[in-house]
1. Place a +1 charge on the Cβ of each Lys and Arg in the chain and a -1 charge on the Cβ of each Asp and Glu, then give the dipole magnitude about the Cα centre in debye, rounded to the nearest 20.
2. Probe 1.4 Å, all protein chains in place: accessible area of residue 82 in Å², nearest 10?
3. At a 1.4 Å probe radius, which order do 208, 79, 216 fall into by accessible area, largest first?
4. Report residue 171's accessible area, 1.4 Å probe, all protein chains in place, as a number in Å² to the nearest 10.
5. Rounded to two decimals, what is Rg over Rh for region 118-180 when you use alpha-carbon atoms and the Kirkwood radius?
6. Pairs of alpha-carbon atoms within less than 8 angstrom and 6+ residues apart define the contacts here; what relative contact order does region 83-213 have, in percent?
7. How large is the helix-only mean residue ellipticity at 222 nm for the chain, computed as the sum of -39500 (n - 2.57) over DSSP H runs with n ≥ 4, divided by its residue count, in deg cm²/dmol to the nearest 500?
8. Per residue, how many Å² of accessible area does the chain show with a 1.4 Å probe?
Amino acid sequence: MVITAELDLERVPSHIACVMDGNGRWAQSRGLPRTEGHRAGEEALFDVVEGALDIGVEWLTVYAFSTENWRRPAAEVRFLLEFNEDILLRRRDELHERGVRIRFVGRRDRRVPKRLLGLMDDATELTRHNRRMTFTIAFNYGGRAEIVDAVRAVVDAGISADRITESTIARRLYDPEMPEPDLMIRTSGEFRTSNFLLWELAYSELYFTDTAWPDFRRGDLYEAIRAYQERERRFGRVSANGAFKASTTNGDG
């Protein structure tokens, strides 16, 4: 297990995004209902939040509920909606005291209960002046939906095609202030982004682990950061020493 002493604290990723995968399979492998995996995932989430705070991560974004999750069994969807309400009620003040700013990205459509939307707004307002870390929860979120909504906003603004640039789209994403993630972590042995931050992940380093989310802890977070620190981020440029390092880059040219 990696500890903070093994990290270069001058090179901690500013923004880390997490796909918290494997809750249901973790529970089923133990003969438990899938919902118990989501309960266990809460402990993992807040240990990661604390670990990120301890080393100075400025932005942490987690995939809590996707636009595709509505297709899950009705009982599980209902549990997830109620569980997220419960987490906000129990954890909001704790995060506020720790200097965490809470934000949400995703569609605010009729499928999301008004009570939950109200709790989201309350948490956002309560913590809006905090700056120690921004904790963004992607709820009813889909990367393709975000891009579609941004394009609709461009059309509604009457911007002609020849004036559209990348920044035209970026300014109309759900949170234009949110920087692109330096590192994206996905748990539970899946090797895909699953419609998460499709626009924002263009140059992010991707890290995959077999650890299911309920077993993921700050030491696992630090292991991902150590792997990130061993890579060279070139953003399409030539390596600093003029050589191509396939083993330490993300293959971006």
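The values are calculated or read from the model by the stated rules, or taken from the named source; none is laboratory data. Please read all numbers here as calculations on a predicted model, not as lab measurements. Cβ: placed from backbone, ideal geometry, glycine included. Neighbour counts: every protein chain shown. Side chains are part of the model used for accessible areas, which takes the heavy atoms of the whole protein and leaves out ligands, DNA and RNA. Shrake-Rupley method; radii C 1.70, N 1.55, O 1.52, S 1.80 Å.
1. Working: 38 positive and 42 negative charges, 144 e Å.
Here the chain has a charge dipole of around 700 debye.
2. Accessible area, nearest 10 Å²: 110 Å².
3. Numbers: 208 60, 79 30, 216 0 Å².
Largest accessible area first, the residues go 208, 79, 216.
4. In the full protein context, residue 171 sits at about 140 Å².
5. On the way: Rg = 14.3 Å, Rh = 13.6 Å.
With Rh from the inverse mean 1/r over Cα pairs, Rg/Rh is 1.05.
6. Values: 156 pairs, mean separation 28.9, N = 131.
Answer for region 83-213 is 22 percent.
7. Details: 7 runs with 97 residues, N = 253.
Computed mean residue ellipticity for the chain: -12500 deg cm²/dmol.
8. Values: 12600 Å² over 253 residues.
Value for the chain: 50 Å² per residue.
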